[in-house]
Structure formats: C-alpha cells, structure tokens
1. Once amide H atoms are built 1.01 Å from N in the peptide plane, which residues 5 or more positions from SER100, or in another chain, come under 5 Å H to H?
2. Taking the Cα centre as origin and putting +1 on Lys and Arg beta-carbons and -1 on Asp and Glu beta-carbons, what dipole magnitude results for the stretch 3-288, to the nearest 20 debye?
3. So what's the back-of-envelope 222 nm ellipticity for the chain, counting only DSSP H runs of four-plus at -39500 (n - 2.57) apiece and dividing by all residues, rounded to 500?
4. Of VAL233, VAL221, PHE275, whose Cα points farthest to the positive end of the dipole of the stretch 3-288 (charges on the beta-carbon: +1 Lys, Arg; -1 Asp, Glu; origin at the Cα centre)?
5. When LEU278, LEU104, LEU11 are ordered from fewest to most other Cβ atoms inside 10 Å of their Cβ, what list results?
6. Quick one: check the C-alpha center-to-center distance for the stretch 1-35 versus the stretch 177-225, whole angstrom.
7. Return LYS232, LYS61, LYS170 ranked ascending by Cβ neighbour count within 10 Å, so the fewest neighbours appear first.
8. Would you mind ranking LEU108, LEU138 so that the residue whose beta carbon has the fewest other beta carbons within 10 Å leads the list?
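Coordinate-derived values only; no laboratory data. Not measured: the values here are computed from a predicted model. Here the Cβ positions follow ideal geometry from the backbone for every residue, glycine too, while neighbour counts run over all protein chains shown.
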Amino acid sequence: MQNSTLKWIYLVVLSIIWGSSFILIKKGLVGLTPIQLGALRILFTAFFLLLIGWKSLRTIKKSEWKWIVISGILGTGLPVFLFAYAETEIDSAIAAILNSSVPLLTLLLGLTIFGATFLKRQLVGVLIGLGGATALILIGASINPNQNYWYALLVIIAGFMYALNVNIIKRYMQDISAVAIATGNFILLIPPAIILLVYSDFFSADLLQTPEVQVSIGYIVILALFGTAMAKVMFNKLVQISNPVFASSVTYLMPIISVMWGVLDYEKFTITQLFASLVIIGGVYLVNKKSKTT
C-alpha cells in the first residue's frame, strides 16, 4: 500500500484509539492515584511491546540510544503522569480538546528549534489555535467552578513535550524501526515506574483487594495495550512516512471521539466550548493547508 494512503489509515485509526484514551484515564483514576496510573500504564505497555519488539532492540545503534532516551521521556515518561494529574481536575473531553494544540506546538518548535520553513497562513493558524485553547480554558473554568482549570496547563505542557518528540523522531530517528523506537522507549522507563509504584504503596494487600482498584487496573490494561503500545508503534511509523505536522494532526480528530465519550459519561459540554473547540480546529486546518506562497 502506498504511503499516501497508509498515512490516512493510520491517522483515522489513531484518532479513534487515542480519542478513547482520555475516558479510560478518567475511569482508571476512580481507584488509582495519578502516580499509580502512570506507572502501571508504562509497565503494562512495556510488557506488551517486549512480546513483539524484543529482537528489534538489536537494530538500534549505540549512537542512537540517546535519542531513544530523550524520546521516551518526552513522548511517554512525563506526559502519562501529566495527563493523569490533569484529569483529576478537568473533564476528559476538555483534556482531549486542549491536546489538539499539539500540531500548532509542533510547527512552533519546528520553526524555532529545528529550522523548518513555514507559510504565512500557518503562522496565522498557530495564533488562532492558541487563542482558541486559551478561550476553552477560561470558558471551562467559568462553567465548572468546582474544577481547578490551572490543571489544564499540564495538558499544554504535555503537548509541548509531544511536539518536541515528534520533531526529534522525524529528524534524528528516521532510520530506526517504529517498533524498535517504542520498545526502547519503554524498556528504559521500567525501573522508574517500578520505583514509583513501590513508593505509592500500590503493592499493599488491602489496596489490591479493593474492587474499585481491580476495575481501574482493567481499564489501564486496555489503555496500555491499545492506547499506548499499539498506538505508539503506529504513530512512530506515521511520523516516518509523513511529516511532523501531519502526524500530530491526529490530535484534532481525537476530540470528536473524546467528546462523544464525555457526553455519554455525563460531562458538561456547552455551545461556547464547542465554538472554542472549532476555533482550535480551524487554526490547525490553516497550519496544515497547503499553499504555493511561502
């Protein structure tokens, strides 16, 4: 199958998988702390990836491991905890919509750090998208006074990390297989994840026998298998066969799925929030729209 077709298939499938991840995080937080959720997500994902990608580690050159480490920290190690903490205070659908700013952040970092070229329309799109993200945070804070919308900044920080990671993959890891990148990322995250679980008293017998905890662990197993392990490999491949901005565009299709899950779970979502969301999507559209004028 040609890359031009395959990249769109990856984009749609990833949108469905990652769009469902936010509600799984929310359900996982019912019985787990953000630290426990993040650590379990890493460990379960590492287990799944080792089953399919152990041999691929041999293909990674010694000089490439530094990029594997950096990519693991930026693309997974820190964001899994940032999103878990964010969703202790803000709705899962809002977190997904804010995450749609990643293509804009990818372009900004590409311009400022990686020397990428840009179109004037893309710059306008960045400003519009960031304005929509700001509006969404302010509107959410006004209609959900019981939620601390400062936690929305954690999603933005995670977005910067994702954007930096996708640029690094495209520039420095083009010749490493997608499976090897993902497996290498998680191998290195196993020791800190175990330490965090021990620190959080996760292995307490009383805790593990709690029904809420057992159900939450089930949600994290699903999240790790599909939302992290499978999706991570697909995303790495998508970056390699397309470009950083196109690959990160998955984040503006994800909110459609996330909002559907949020509404089904009785989360508040108003017309003004919908408008702010459309502003973000409009900004991302301008960023990705092709033009002959540079």
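1. When sequence neighbours closer than 5 places are left aside, there are no close amide H contacts.
2. Approximately 1120 debye in magnitude.
3. So the calculated ellipticity at 222 nm is -23000 deg cm²/dmol.
4. Going by the charge dipole, the pick is VAL233.
5. Neighbour counts put them in this order, fewest first: LEU278, LEU11, LEU104.
6. 18 Å
7. LYS61, LYS170, LYS232
8. Ordered by Cβ neighbours within 10 Å, fewest first: LEU138, LEU108.
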